[in-house]
Amino acid sequence: MSTSASAASAASAASAASAASAASAARSEPVGGAGAGGGVDLEAEAAARSADVVYDLLSSLLRRVSRDLSLTSTSALGTLNRTGPRRITDLAAMSGITQPSATALVATLERAGLVERRSDPADRRVVLVAITEAGSAYMHARRQTGIETFARLIERLPADEAAALTAALPALRHLREIEDEQRDPGSPAETSQRPQAG
């Protein structure tokens, strides 16, 4: 498998990282209903196995990533990087934290020069939080580190397994789209506008 092909596969796999929690939910959510006679639903069992493997892989890789920022901080920066400026209330909801926690988080990121506050052009009374150039550069570097980590692992796979992973990329991208829509139902089309780097 070529290095460029490995990197492409790794980038898509890395972009599914935030979907791990959504995928793991498949353990408890039946897919397709119970089988005849109360037997085990094979689709649900397969989904649970897939979710378990993906979750374990991503959890292991996340533990290897530098922890100079908390996962919550990184998640908030990733949201701003993908979707653009947001109100603190929106950022809190999408990050799964309270508004006071989001306010404190933004203050910390602002002191680090990774985000800034600005007025909403449509309503000057509204304050938006936006990622700075330094914040975008940080996210890009972090993403590249993740891509390189995945690429090194993928290059060690047998050719048939690497091909199977490549074939799964559309499903991984779809998982990410589903997860994005669940976090931000108001912007279902944002994934098509997401920059591929950073």
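The values are calculated or read from the model by the stated rules, or taken from the named source; none is laboratory data. Just so you know, these numbers come straight off a predicted model, no measurement behind them. Don't worry about glycine lacking a Cβ; one is built from the backbone with ideal geometry, like all the others, and counts go over all protein chains shown. When the accessible area is computed, the model is the full protein with side chains, heavy atoms only, and any ligands, DNA or RNA have been set aside. Shrake-Rupley method; radii C 1.70, N 1.55, O 1.52, S 1.80 Å.
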### Message
List the residues, sorted by chain then number, that are 5 or more residues from R87 or on another chain and whose placed amide H is less than 5 Å from its amide H.
### Response
V129
### Message
Quick check: pseudo-label points 7 Å beyond the Cα along Cα→Cβ at R152 and A93, how many nm apart are they?
### Response
4.1 nm
### Message
With a 1.4 Å probe and all protein chains kept in place, how much accessible area does V54 have, in Å² rounded to the nearest 10?
### Response
50 Å²
### Task
Mind giving me the FRET efficiency for L62 and H140? R0 is 22 Å, r the Cβ-Cβ distance, nearest 0.05 is fine.
0.75
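Largest first and in whole Å, what are the equivalent-ellipsoid semi-axes of region 72-130 based on the Cα gyration tensor, each being the root of 5 times an eigenvalue? Could the numbers behind the result be given before it?
Details: eigenvalues 54, 30, 25 Å².
Value: 16, 12, 11 Å, ordered largest first.
So if each residue of separation counts as 0.36 nm, and I subtract the Cα-Cα distance between A112 and R173, what length gain in nm does that give? Display every interim value, and only then the final one.
On the way: separation 61, 0.36 × 61 = 21.96 nm, distance 3.15 nm.
Using 0.36 nm per residue and subtracting the Cα-Cα distance, I get 18.8 nm.
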### Task
Hand me the trypsin sites (Lys or Arg not before Pro) from region 96-179 located in a DSSP loop with no more than 15 other Cβ atoms within 10 Å, in residue order please.
R156
### Query
Do any trypsin sites (Lys or Arg not before Pro) in region 45-95 lie in a loop, going by DSSP, with at most 12 other beta-carbon atoms within 10 Å of their beta carbon, and if so which?
R67
### Task
Could you calculate the contour length gain from E181 to R124, that is, 0.36 nm times the residue separation minus the distance between their Cα atoms, to one decimal place in nm?
17.7 nm
